[in-house]
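To start, the structure under review is shown below, and the notes come after it.
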Amino acid sequence: MAEISEAPSTLDPDFDQENMRKSKPGLKRLTLSLAVLFSFLLGLPFLLKSIEIYRSSPPPFREIDDLSTAIESSPILFPCHFRAVFVNFDPNSYTADQLSISVQAHMAKFAAKNSPACGTCASNVTVSVTLDSNSNCISNGNNVDWKCGALNEFKFAEKHEDGLLDEDFASLLDNNSGAKVYTVVAVKTEQEEVRAVVGKYRHAWIMGRIFEEEAIEKIAEIFVNVFMNGGKEEGLIHGEFMPLGADGRIVLSFNLLNADPHNWIYDWDFQEIDENLLSPVIDALKPLADVSVESQVLYHTPKSSFSFWDDRLDSYIFSTKDLPFFVNSNEWHLDTSVAAGGLSKILQFVVYVPSAKECPLQLQLPNGEISTTNGFISPMWGGIVVWNPSACLTDSKIKHPLRYKISSEDSRKLFEVFMGQLRQLFGLKSDGLFVGASGTSILLASERGFSEWELDVLSRQHSCFNLLQCGTTLGSLSRLVQSLPRMIIMDDIGKQVKYSLEAARLTLSNALLGIYDASAESSRQARLLAEDAFYHPSMMSVSYYSFEHCFAVYSPFFLPVSLHVLLAVLREWKRYKQESKKYYAWKAK
Amino acid sequence: MFKCCLHSQLQFRSETSLESDHLMGSREPIVLIFLILISTYESSAKGGIAEELNEEFTEGLLLRPLPDRKVLAHFHFQSSVPPTRIYGRHHHLFPKSIYQLVNKFRVREMELSFTQGRWNYERWGGYDPISSSSAKPPGVELWADFDVPLDQVDDSWRNLTHALSGLFCASINFLEHSTSYSAPQWSFHSFAGKLRYGTLPREAVCTENLTPWLKLLPCRDKAGLSALMDRPSIYKGYYHSQRLHLTSDDFGTAKSNAGTMLEQTLTVVLQPNTLGARAMVSGKTLQPSWSLNSLFGRKVHGKCSVSKSSNVYVQFEQNLVSELKEVRKKSEAPESGILIHDDFGNNTIFEMSASPDRVVKEVENLQKEDSSILLEFLVEDYNDSKPFDLGLRWKLPVVWSCQQAPLHASRFLMGSGNERGAIAISLKSLSSNNTPTVGCCEKGSQLRINIFQVVPWYVKVYYHTLKVFIDGELQSTMENIEKIHISPSEDKVSPGVMEMILRLPCGVITAALTLEFDKGFLHIDEYPPDANQGFDIPSAVVSFTDFQASASFEDNLLNKLPILNELQERKHVISYTEVLLVPLTTPDFSMPYNVITITCTVFALYFGSLLNVLRRRVGEEERRLKSKGDFK
């Protein structure tokens, strides 16, 4: 207690009272101040911890990252089974194994041309080959159930109807095992013309005077470009934009727009269209999507683009440049449906009946020709068809507008165009022809709108893109949650994320096993759960306790206190230094 | 809790049979007409099935000069569709969104109204069908009746409010909280338990609500009568109410063919543009002359091409007709005395720019010599080159008053301060004018009045303090109340609902009801953004069950038009009272932060001084003081 002791009793002449001291300066007050400061600093993490938002079950960030990297690095590929049947070919020139190997080689070549898109078949395909000639029947696979010699009964020359032939093949190839095997039958006949037809089921046939090499190449192309990739070409809608809602539902909303009811009013019998034409399509799409249909007739709905009169074509023309402005979003109140829940996808199909002052209205293609369908699609939105009434040119001034009904033949035609547009919206071809490197193949159109192999392709792509979407949604969710540490996360969200991850894993395992339907189902589940988690109401509300808020609440205490503590430490430190200098000065003396 | 036990589910019933007997006597002609009506309807309905049921759309406009120099315009649109089980679910005229709404939420009946301004019952009438059906409380009023099991009604209501709020760009979704809607038992409309009623008195109504409403019409405002709806002219009016009424029997077990019917009305009260000085004739001001173009700034260019009928009516009320006769008697030689068809276009009192296609007279079953007159104009014959612009020009001054409701209802607050107060509903007879207590019983029987009132939970009404004053004197409550049903409010759960049938003696001049209340406290989160403005108590509905606001017309009943139908519909005379504004104690919203700040400051002060005390060197300070003293 040097400092507080009484003044030195013995007066030393050398002792400078101002600058010297005899005792060591004490450390008590300094340590006290420092202790307070350090305890504050030590307490700070505890305080921050105590005001942290408690998250009972945070989303499993690591697993999410694992999933998204797994999906992004390798797109999911499905195992596919292919079968080639060579009928009436010379059994001595090639063996079945040789044929199989060369088909696989060609397939690899075709597959290499386009990068492995999401949802196609895995690269290590197996092709089983059957050689069926009059004398013998050789197969290289073990479970090939081709009825040898069955085709001999057919008289190909008599059967020109592709549809009938397709049914015959279907009955012939009908396998009860349930496995999805894609078959191409190459038949050597005496016909000059080589015909390649892809049927409505999971098979195709090539017929005509054809040699083995040619047949192999063609078979490989059909396998890869048609059965695997859905006959898509470059420039068509990319499969990623499949118009399917996250909950796997589509609402097809059909609208009949009368541009100006003062001229004429057209009506349709949609009930009949719905029952006769649409219901098979809806049934066909059932494994892929839950489709519902609604319709309405609207009046006073002019288009918002301009058209001009063309004398040569004797009609009003709108060109492809005008298409972005055709849809008049102000006047066309194609209301979004109450029936469609938040995540459903709505596709609008519009029949536009032009008014008398722009009738007939034709769409001019960039090459100067008139479009045959007189319609166009807008990806993810729907399709529009301009339908010119037959009474167009008789422009008599009618005082009261006449009411007409679109004839059932016309509505059938309209519906066919819509069917093509729907196929295009799904990324499929609508013209029924596949032009490949080795010639043109005919794609038979199903009366159900979609053939089985097309549905397979769609369902594969659907599950793949669902999974991609799920991965990106979960990824952004985890990034968001990690970037906002003060956001409250409800337990539900964590649970949903967990279930979503489980469903995604199930999809992957189903895909490996080649169960398309189950994988589509579980991928849909995964995406739905992921989106539900992302759009959870509690996430949307700003339950975000900002740092500014926190600062404002705690600063009235911590600001003055820290000032005191820091000043105390500084003062004591200064004083200690000063006093020890005095002490050393005295010692040196 | 005490209140609840005492007063919940109080029900009084007394000689209702006696009264109904009496009423039957006076209503016989109506019943007869109804029988004829029903039989003709049935035959037409049967014929209708044979000739295939179809969707229909009609439009109509009713114009009526009002005594206070204003004009009432009442637009009426009706779309109907046969039941789904016969007609299917694809429609050509009926709005898709409404059909989906009805089907999804299984709505049996629904009414939604957006109103701005208050209907002036004294000046614009309180007895006619339009004031009973189209005079609505300010803001939004919604009631709906569902065809779902009782336990799902609330869910359906919540979903419906959300769907409607999206459809009409309004904050109807605020009605989803159980504190904002109620389930009236019998007074509002007689549906057992499946009806929900809610109002938003403060909802601002503007053109963003009108546009979606117009979208439900097949021609929107592009053609037909709705083309008159010029937004600035409509919204500068004194009263504006757009209404949507929906009935559907798609779900009922009854195999009727009524199907779903959507009725849309827009009622506006406009001031004709008189431009400068008022025209004077013999010292009296003339009623303002108007035309469609001067009222709306637009003309009608033909009808909506898909509508079945498109008519404009001009209505002269009963009192106006008798006044017209008086004026004519004075001005001319008393020749025929009755207004004849052909002088409606141009006579000595007024002039119309077009001559009516038809004149429809009201058939009164009460003994009155004069009855109101409807002039019908068909819009069909007009087109772009010859637009329809109806005009009315007065030549002689006419003064008349509207037919009043038996009693004029108003409601006000009593008391001061932020703690307690009282609500008073006063009913006043307007017997000064020439139609006193219309149709009120002669032989001393009583006037029955139905009152329905919803009070938010933060206004804690003590229902036992209910007092009834008749002609200024306090009466025994029990004697004057025939039936009462009270469901007290529950804090933060449900509002308080009071339904009662009040019985008043016949020649009553004033009657008043008072109820005391305490003002509750809200949680800080429950205050609206502008808390200092006060809180609204929705309008009370006062209906006179003994009086029917309906007009029956002499016209042939077969080709009835929906707009006339609406006028002929038998409805009780209903009036809405004012919305009350209750100021509640509003807290200082920065209080929690202030508390935090001051507490922290106190802590900081304590901590700082403690630290300073610990660091203090008492001896040294004393030494210094001493040395200072030594120097001196």
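So what's the net charge close to B:Asp357: Lys and Arg +1, Asp and Glu -1, counting the other residues with Cβ under 12 Å from its Cβ?
Net of charged neighbours comes to -2.
Quick one: grab the alpha carbon gyration tensor of region B:515-632, order the square roots of its eigenvalues as a ≥ b ≥ c, and give me rounded if a/c is under 1.5, else prolate or oblate depending on whether a/b is larger than b/c.
Prolate.
So how much slack lies between A:Ser476 and A:Asp517, counting 0.36 nm per residue of separation and subtracting their Cα-Cα distance, in nm?
Stretched fully, the A:Ser476-A:Asp517 segment lengthens by 12.0 nm.
Determine the alpha carbon to alpha carbon distance for each of B:Lys236/B:Lys303; A:Lys413/B:Lys215; A:Lys28/A:Lys582 and list only those over 27 Å.
Result: A:Lys413/B:Lys215 exceed 27 Å.
Going 7 Å from the Cα of B:Asp384 along its beta-carbon direction, which residues of region A:246-270 have the amide nitrogen within less than 19 Å of the resulting point?
Zone members listed by number: A:258-266.
Would you please put A:365-373, B:82-90, A:506-514, B:102-110 in order of how densely packed they are, using the mean number of other Cβ atoms within 10 angstrom per residue and starting with the highest?
B:102-110, A:506-514, B:82-90, A:365-373
Mind checking B:208-219 for the average number of partner chain beta-carbons within 10 Å of each residue's beta-carbon?
2
What nm distance separates the two modelled labels at A:Lys28 and A:Ser483, each placed 7 Å from Cα along Cα→Cβ?
My value for the distance between the label points is 5.6 nm.
Just add up the charged neighbours of A:Lys286: K/R +1, D/E -1, any other residue whose Cβ is under 13 Å from the Cβ of A:Lys286.
Details: positive: A:Arg249, A:Arg448; negative: A:Asp283, A:Asp290, A:Glu452, A:Asp517, A:Glu521.
Neighbour charge sum, excluding A:Lys286 itself: -3.
Grab the Cα-Cα distance for A:Glu272 and A:Leu47, subtract it from 0.36 nm times how many residues apart they are, and report the gain in nm with one decimal.
Contour length minus Cα-Cα distance gives 73.9 nm.
Compute the FRET efficiency between A:Glu502 and A:Met380 as 1/(1 + (r/R0)^6), taking r as their Cβ-Cβ distance and R0 = 35 Å, and round to the nearest 0.05.
Here the calculated transfer efficiency is 0.75.
How high is the FRET efficiency between B:Thr465 and B:Ile596 when r is their beta carbon distance and R₀ equals 56 Å, given to the nearest 0.05?
In this case the efficiency is close to 0.85.
What does the net charge come to around B:Leu244 if you take all other residues with beta carbon closer than 14 Å to its beta carbon, with K and R at +1 and D and E at -1? Write down the numbers at each step before the final one.
Numbers: positive: B:Lys136, B:Lys215, B:Arg243; negative: B:Glu109, B:Glu111, B:Glu141, B:Glu263, B:Glu566.
With Lys, Arg at +1 and Asp, Glu at -1, the neighbours total -2.
Using label points projected 7 Å from each Cα along Cα→Cβ, tell me how many nm separate A:Arg312 and A:Asp162, to one decimal.
With each label point 7 Å from Cα toward Cβ, the separation is 3.4 nm.
What is the packing order of peptides A:563-575, B:609-621, taking the mean over residues of other C-beta atoms within 10 Å and listing the highest first?
Values: A:563-575: 15.8, B:609-621: 12.5.
With the highest mean Cβ count within 10 Å placed first, the list reads A:563-575, B:609-621.
When ranked by the protection proxy of mean other Cβ atoms within 10 Å per residue, highest first, what sequence do the peptides B:516-524, A:252-260 form?
A:252-260, B:516-524
Per 0.36 nm of contour for each residue apart, how much would the distance between A:Phe61 and A:Phe38 grow if the chain were fully extended, relative to their Cα-Cα spacing?
Working it through step by step, the gained length comes to 4.8 nm.
Set Lys and Arg Cβ to +1 and Asp and Glu Cβ to -1, take the dipole of region A:24-90 about its Cα centre, and tell me which of A:Ile64, A:Leu32, A:His81 lies farthest positive.
A:Leu32
Go ahead and run the numbers for FRET between B:Tyr527 and A:Thr440, Cβ-Cβ distance against an R0 of 56 Å, rounding to 0.05.
The pair B:Tyr527/A:Thr440 has a calculated efficiency of 0.15.
Taking a 23 Å limit on the Cα-Cα distance, which of the listed pairs A:Lys357/A:Lys429; B:Lys428/B:Lys460; B:Lys308/B:Lys571; B:Lys492/B:Lys519 fall beyond it?
From the list (A:Lys357/A:Lys429; B:Lys428/B:Lys460; B:Lys308/B:Lys571; B:Lys492/B:Lys519), the Cα-Cα distance tops 23 Å for A:Lys357/A:Lys429; B:Lys428/B:Lys460; B:Lys308/B:Lys571.
How many Cβ atoms of partner chains, on average, are near each residue of B:85-93 if near means within 10 Å of its Cβ? Mind dumping the intermediate values first?
Working: counts 0, 0, 1, 6, 6, 13, 5, 12, 4.
Mean shielding by partner chains, rounded to a whole number: 5.
For each of A:Ser355, B:Ser372, B:Ser416, count neighbouring Cβ atoms within 10 Å of the residue's Cβ, then give the residues from fewest to most. Don't skip to the end; give the middle numbers.
Details: A:Ser355 18, B:Ser372 22, B:Ser416 8.
So the ranking, lowest neighbour count to highest, is B:Ser416, A:Ser355, B:Ser372.
On average, how many beta carbons from a partner chain sit within 10 Å of the beta carbon of a residue in A:555-565?
On the way: counts 2, 10, 9, 2, 3, 7, 8, 1, 2, 8, 3.
That works out to 5 on average.
Taking the number of other C-beta atoms within 10 Å as the exposure measure, put A:Phe308, B:Phe146 in order starting with the fewest.
Going from least to most buried by this count: A:Phe308, B:Phe146.
Taking 7 Å along the Cα-to-C-beta vector as the label spot, tell me the B:Ser609-A:Thr69 distance in nanometres, rounded to one decimal.
The two pseudo-label positions are separated by 6.0 nm.
The numbers here are math on the coordinates, done by the rules we state, and not lab data. Note that the structure is predicted; figures quoted are calculated from it, not measured. Every residue, glycine as well, gets a Cβ built from its backbone with ideal geometry; the counts of neighbours run over all protein chains shown.
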